[in-house]
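A short write-up of the structure that comes next.
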Amino acid sequence: MSSDASIAAAYDARAAEYIEIAGDISQMDVRDSALIAAWRDATPGPLLDAGCGPGLWTEFLHDGRRDVRGLDMSEEFLTAARRRHPHLDFRKGSMRTLPFEDASLGGILAWYSLIHTAPNDVSVILSEFTRVLAPGGSLLIGYFDGAPREPFSHAVAPAYFWSADALTELLVEDGFTVTQAEIRSREPGEVSRRAHGSVTAHRR
């Protein structure tokens, strides 16, 4: 099992490589951009990009007008994010202990940022998401679809597959109602070849 510190160190070591291949919106699949844009526009209130990396989705969520902040454990990612997007608020921290007040956020984007969390610990983070989201607040999770909780060899750090059903079960336990789920295979040229999944949920 990888600790937060070891995951941060692994991404620090390969941040430049990661940014080169997946550090800009133009490198993302247009279906992902469309989904996240629709979620952003339907979600009022302050937004959090949890596990923001170099800040590409944080800037996308900002859209020139939205109240949004990014959170990551990697100092190298945060340095790049602040250099690229100096007008945005980027903070170093763990999703296990979010530096935000109770019920202070309207939405959280966790786009592939739970994949390195040991399956037994995912509920800890979901409970923290529940704490900081206002009632009715929305959560959008991106993940690698596969046999839930099964580990796989990720280029940066050990990671785990999930499924919509398995995530829905955890989300319901942590006070969410799942409103949308999608699964799709990858197209040639995408950053990853593994099947994609996403789940949208609202805090009850």
Only one of (1) surrounded by 22 or more Cβ atoms within 10 Å (Cβ to Cβ); (2) in contact with a helix residue (DSSP H, G or I) (Cβ under 7 Å, 6 or more places away or on another chain) is not met by Ala50, so which one is it?
-> (2)
Taking the stretch 123-173 and keeping only residues that are under 24 Å from Pro99 (Cβ atoms), loosely packed, with under 14 Cβ neighbours inside 10 Å and modelled with pLDDT under 95, one is left with none
With respect to the numbered conditions (1) under 26 Å from Gly146 (Cβ atoms); (2) outside any loop (DSSP other than H, G, I, E, B); (3) at pLDDT 95 or above, which one is the sole condition not fulfilled by Phe90?
-> (1)
Taking the condition among the acidic types (Asp, Glu), surrounded by fewer than 16 Cβ atoms within 10 Å (Cβ to Cβ) and out of contact with any helix residue (DSSP H, G or I) (no Cβ under 8 Å at 6 or more places or on another chain), does Asp67 pass?
-> yes
What is the residue count in the stretch 182-200 for residues that are over 18 Å from Ala37 (Cβ atoms), in contact with a strand residue (DSSP E or B) (Cβ under 9 Å, 6 or more places away or on another chain) and not charged (D, E, K, R)?
-> 5
Could you grab me the full set of residues in the stretch 80-105 that are small (Gly, Ala, Ser) and either surrounded by 23 or more Cβ atoms within 10 Å (Cβ to Cβ) or within 15 Å of the chain's Cα centre (by Cα) (or both)?
-> Ala81, Gly93, Ser94
Residues of the stretch 174-204 being surrounded by fewer than 18 Cβ atoms within 10 Å (Cβ to Cβ), touching a residue at least 24 places away in the same chain (Cβ under 8 Å) and small (Gly, Ala, Ser), in sequence order, are Gly175, Ser192, Ala195
In a helix (DSSP H, G or I), among the aromatic types (Phe, Trp, Tyr) and surrounded by fewer than 24 Cβ atoms within 10 Å (Cβ to Cβ): does that describe Phe77?
-> no
State which residue pairs qualify: first residue closer than 18 Å to Ala8 by Cβ and inside the stretch 149-168, second residue among the basic types (Lys, Arg) and modelled with pLDDT under 95 in any location, beta carbons under 7 Å apart, and separation of 6 or more residues or different chains.
-> Val156/Arg14
State yes or no: is Arg66 in a strand (DSSP E or B) and of a type in the set (D, E, K, R)?
-> no
Taking the stretch 113-122 and keeping only residues that are crowded, with 19+ Cβ neighbours inside 10 Å, outside any helix (DSSP H, G or I) and out of contact with any His (no Cβ under 8 Å at 6 or more places or on another chain), one is left with Ser113, Leu114, Thr117
Residues of the stretch 167-193 being within 27 Å of Thr43 (Cβ to Cβ) and in contact with a Lys or Arg (Cβ under 7 Å, 6 or more places away or on another chain), which ones?
-> Gly175, Phe176, Thr177, Arg186, Ser192
Looking at this structure, is Ala5 at pLDDT below 95 and among the hydrophobic types (A, V, I, L, M, F, W, C)?
-> yes
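The values are calculated or read from the model by the stated rules, or taken from the named source; none is laboratory data. As the structure is a computational prediction, the values presented were derived from the model and not from experiment. So basically every Cβ, Gly included, is an ideal-geometry build from the backbone, and we count neighbours across all protein chains shown.
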